[in-house]
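Q: I have a structure I would like to understand better, so I am pasting it below and will then ask my questions one at a time.
The values are calculated or read from the model by the stated rules, or taken from the named source; none is laboratory data. The structure displayed is predicted, hence computed values, not measured ones. Every residue, glycine as well, gets a Cβ built from its backbone with ideal geometry; the counts of neighbours run over all protein chains shown. The area values use the complete protein model at the heavy-atom level, side chains included, leaving out ligands, DNA and RNA. Shrake-Rupley method; radii C 1.70, N 1.55, O 1.52, S 1.80 Å.
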Amino acid sequence: MQAVLWHEYGPPEGLRLGEAPLPIPKRGEIRIRVRATTVTSGDARMRGFRDPGIFWLPLRAFLGWRRPRHPILGMEFAGHVDALGEGVTEFVPGERVFGMALLGANAEYLTIPAAGAVLATPALLSDEEAAALPFGALAALVFLRDVARWQPGERVLIHGAAGAVGVHAVQLARHFGLHVTAVCSAAAMELVRGLGAHRVLDRATEDFTRGEERYDVILDTVGGTSFRRARRVLAPGGRHVFAAFGFRELRQMLWTALRGGPRVLCGFAGSTKADLHTLRGLVEAGALRPVIGHHMALEEIVAAHRLVDSGRKRGALVLRVGAIPAGFPPRA
Ligand SMILES: NC(=O)c1ccc[n+]([C@@H]2O[C@H](COP(=O)([O-])OP(=O)(O)OC[C@H]3O[C@@H](n4cnc5c(N)ncnc54)[C@H](OP(=O)(O)O)[C@@H]3O)[C@@H](O)[C@H]2O)c1
């Protein structure tokens, strides 16, 4: 099969399309013919291994010390079930599915445990739309529900509202009855307003830390806010949640937990079938929709990673996985 091969940590140019063995589903696994996949900020981080700071050791232990142990990148996927491993009863061949793996989705075929984050695709979503949902929506759900422990009626500020996590955080917060202020660039304001934000601030000209509004939750999805400056606008029981964090935020999390008052919270998003189920239900109820900022083809993998690295990605960057012609130039 054709796949995006990842043999070294570094810039996008180190990725190439090539041949990989067709994966065979083990007991309890399904094989999926991938029709759409994505490049997420998580993929780009793993590829480049940039600024991993305190996570260097655990990440290298997981991904491979000198070079990537698993040679195929990619988390999100949508397509159809192509083969079943022994003991799988939940899916049938040909069934449309979508979901999220840790690695391996930027390929024509992918195997994943049937019990993992994979479900039948809602009829109203195309494969490209379904692939655009899991990474950002699962992270947004976990950060708002489990880390921030949102309450209806609370005031939330979402910084980085136009990214993959942000576009879902805005919609989820609005649906669950929070008052939503979103921060993004001027060019993304219309998009974010359309997702249901009550107020949208231009991050270049409006500094929310100097305003009169008070927030119960600040969700920083991309970095760039600081607790020291944001503390002034946090309500007494406020929580400043960081999706991207380092030593400073971890130290502040410990210190604010001991001292009381507004808290700093950091966390990791999971990818469970139960949460994907919740999100699929919200899509079917019309309360959540995927946002695709960029359509590309798997063959454009290098350009896709460059775009994610630029920080200009909106929502999801989806890659079509068609029939990739044999002999396609190995470097895009
Ligand atoms: N801890 C976890 O488990 C976990 C899980 C998922 C994601 N994350 C992290 O969450 C972060 C966001 O992920 P994502 O997938 O949403 O990213 P993304 O889709 O790549 O976000 C891109 C958006 O960020 C905005 N942006 C870029 N630079 C910015 C800046 N300096 N200040 C404010 N906004 C800026 C841009 O929007 P505008 O220019 O239009 O504002 C752009 O649309 C990443 O660092 C990722 O690693 C962590």
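Q: Would you kindly derive the ³J(HN,Hα) couplings of the range 176-191 from the backbone phi angles with the Karplus curve 6.51 cos²θ - 1.76 cosθ + 1.60 (θ = phi - 60°), listing them in order in whole Hz, with x for Gly and Pro?
A: 3J(HN,Hα) across the range 176-191, in whole Hz: 8, x, 9, 8, 10, 10, 10, 10, 7, 6, 4, 5, 9, 4, 5, 4.
Q: At R0 = 51 Å, how high is the FRET efficiency between residue 248 and residue 26 if r is their beta carbon distance? Nearest 0.05 is fine.
A: Working from the Cβ atoms, E equals 0.75.
Q: Debye calculation, C-alpha points only, no solvent: report log10 I(q)/I(0) for the chain at q = 0.13, 0.15 Å⁻¹, in the same order as the q values.
A: The computed values of log10 I(q)/I(0) come out as -0.97, -1.24.
Q: Using amide H atoms built 1.01 Å from N in the peptide plane, name the residues 5+ places from residue 297, or on other chains, whose amide H lies under 5 Å from its own.
A: 320
Q: Would you grab the residues whose amide H sits under 5 Å from the one on residue 203? Only those 5+ places off in sequence or on another chain, please, with H modelled 1.01 Å from N.
A: Excluding prolines and chain starts, which carry no amide H, the hits are 184, 185, 186.
Q: Can you work out ³J(HN,Hα) from phi for every residue in the range 129-134, in order, using Karplus 6.51 cos²θ - 1.76 cosθ + 1.60 and θ = phi - 60°, giving whole Hz and x for Gly and Pro?
A: Those phi angles translate into 5, 5, 5, 7, 8, x Hz.
Q: Counting only heavy atoms of protein chains, what accessible area per residue, in Å², does the chain have with a probe of 1.4 Å?
A: 43
Q: Provide the percentage of antiparallel DSSP beta bridges, counting only those with both residues in the chain; round to the nearest 5.
A: 55
Q: Just add up the charged neighbours of residue 137: K/R +1, D/E -1, any other residue whose Cβ is under 11 Å from the Cβ of residue 137.
A: So the surrounding residues net to 0.
Q: Kindly state, as a whole number, the per residue volume in cubic angstrom of the convex hull around the alpha carbon atoms of the range 194-297.
A: 177
Q: Per-residue ellipticity at 222 nm for the chain, helices alone: DSSP H runs ≥ 4 residues times -39500 (n - 2.57), over residue total, nearest 500 deg cm²/dmol?
A: Value at 222 nm, helices only: -7000 deg cm²/dmol.
Q: Once amide H atoms are placed 1.01 Å from N in the peptide plane, what residues at a sequence separation of 5 or more from residue 316, or on another chain, have their amide H within under 5 Å of its amide H?
A: 291, 292, 293, 294
Q: Right, next: Quick check: at a probe of 1.4 Å, how many percent of the accessible area of the range 136-266 sits on carbon and sulfur atoms?
A: Ligands and nucleic acids excluded, carbon and sulfur reach 53 percent.
Q: Would you calculate the separation in nanometres between label points at residue 187 and residue 145, each defined as 7 Å from the Cα along the Cα-to-beta-carbon direction?
A: If labels sit at residue 187 and residue 145, their model points lie 3.3 nm apart.
Q: Provide the gained length on full extension for the span residue 8 to residue 204, in nm with one decimal, where the gain is 0.36 nm per separating residue minus the Cα-Cα distance.
A: 67.0 nm
Q: Mind ordering 217-224, 90-97, 142-149 by average Cβ neighbours within 10 Å, highest first?
A: The densest-packed peptide leads the list: 217-224, 142-149, 90-97.
Q: Mind listing P(r) for the range 136-266? All alpha-carbon pairs, 5 Å bins, whole percents.
A: 2, 12, 24, 26, 21, 11, 3, 1, 0
Q: Evaluate the charge dipole of the chain about its Cα centre and quote only its size in Debye, nearest 20, assuming +1 on the Cβ of each Lys and Arg and -1 on the Cβ of each Asp and Glu.
A: The calculated dipole for the chain is roughly 1140 debye.
Q: With θ set to phi - 60°, apply the Karplus curve 6.51 cos²θ - 1.76 cosθ + 1.60 along the range 104-120 and write out the HN-Hα couplings as whole Hz, x wherever there is a Gly or Pro.
A: x, 7, 7, 7, 6, 9, 8, 10, 8, x, 4, 7, x, 7, 9, 9, 4
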